[in-house]
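Undergrad: Before anything else, here's the structure in question.
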Amino acid sequence: QVQLVESGGGLVQPGGSLRLSCVASGIIFRLYAMGWYRQAPGKEREWVATITSANFTIYTDSVKGRFTISRDNAKNTVYLQSNSLLPEDTAVYYCTAGFLGTDYWGQGTQVTVSS
């Protein structure tokens, strides 16, 4: 079956960095657009970034210049390098995989930005 497993979350001080990883199995990874969403306490889930199968990247405005999404097709892994973290980046971060209208989600990893 399809599995997306996120890792790399944790507690970090404002201005710090984290690298989130998501390892996919059960899909032909190179065909899928991969993305990251997040959900902060009491808020709706929001889209953060996407990388297409052709390595085109797009970001929500609030993370542009601070976050970088990348992929390694040989490792079936997508990354989210998060720099200059702000308290408002605190959320559960979810990995997604999408192809021809079929979407899969991971279980999420908690990121907490606090001093």
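The values are calculated or read from the model by the stated rules, or taken from the named source; none is laboratory data. Computed from a prediction, not measured in an experiment: that's the story for all the values here. Cβ: placed from backbone, ideal geometry, glycine included. Neighbour counts: every protein chain shown. Remember, those area values only see protein heavy atoms, side chains included, never the ligands or the DNA or RNA. Shrake-Rupley method; radii C 1.70, N 1.55, O 1.52, S 1.80 Å.
Undergrad: I'm trying to understand the selection: among the residues of the stretch 87-115, which are polar (S, T, N, Q) and open to solvent by less than 50 Å² (accessible area, probe 1.4 Å)?
TA: Result: Thr90, Thr96, Thr109, Thr112.
Undergrad: Quick one: count up the residues across the stretch 87-114 that are hydroxyl-bearing (Ser, Thr, Tyr) and not in a strand (DSSP E or B).
TA: Count: 2.
Undergrad: Which residue, of Ser53, Ser84, Ser62, is open to solvent by less than 70 Å² (accessible area, probe 1.4 Å), outside any strand (DSSP E or B) and more than 30 Å from Ser115 (Cα to Cα)? Step through it out loud before you land on a result.
TA: Details: Ser84 fails: more than 30 Å from Ser115 (Cα to Cα); Ser62 fails: more than 30 Å from Ser115 (Cα to Cα).
Of Ser53, Ser84, Ser62, the one residue that is open to solvent by less than 70 Å² (accessible area, probe 1.4 Å), outside any strand (DSSP E or B) and more than 30 Å from Ser115 (Cα to Cα) is Ser53.
Undergrad: Sort out which residues of the stretch 65-81 are touching a residue at least 40 places away in the same chain (Cβ under 8 Å) and surrounded by fewer than 16 Cβ atoms within 10 Å (Cβ to Cβ), and write them in order of number.
TA: Answer for the stretch 65-81, where residues must be touching a residue at least 40 places away in the same chain (Cβ under 8 Å) and surrounded by fewer than 16 Cβ atoms within 10 Å (Cβ to Cβ): Asn73, Lys75, Gln81.
Matching residues to (1) polar (S, T, N, Q); (2) farther than 16 Å from Thr109 by Cβ:
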{"position": "Gln3", "(1), (2)": "yes, no"}
{"position": "Gly9", "(1), (2)": "no, no"}
{"position": "Val12", "(1), (2)": "no, no"}
{"position": "Leu18", "(1), (2)": "no, no"}
{"position": "Leu31", "(1), (2)": "no, yes"}
{"position": "Met34", "(1), (2)": "no, no"}
{"position": "Gly42", "(1), (2)": "no, yes"}
{"position": "Val48", "(1), (2)": "no, no"}
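Undergrad: Then there is this: Considering only the stretch 4-50, state which residues are among the aliphatic types (A, V, I, L, M), outside any strand (DSSP E or B) and open to solvent by 30 Å² or more (accessible area, probe 1.4 Å). Talk me through it step by step, then tell me what you get.
TA: Of the residues in the stretch 4-50, the ones among the aliphatic types (A, V, I, L, M) are 4-5, 11-12, 18, 20, 23-24, 27-28, 31, 33-34, 40, 48-49.
Checking the rest, the ones that are also outside any strand (DSSP E or B) come to 27-28, 31, 40.
Listed by number, the residues that qualify are Ile28, Leu31.
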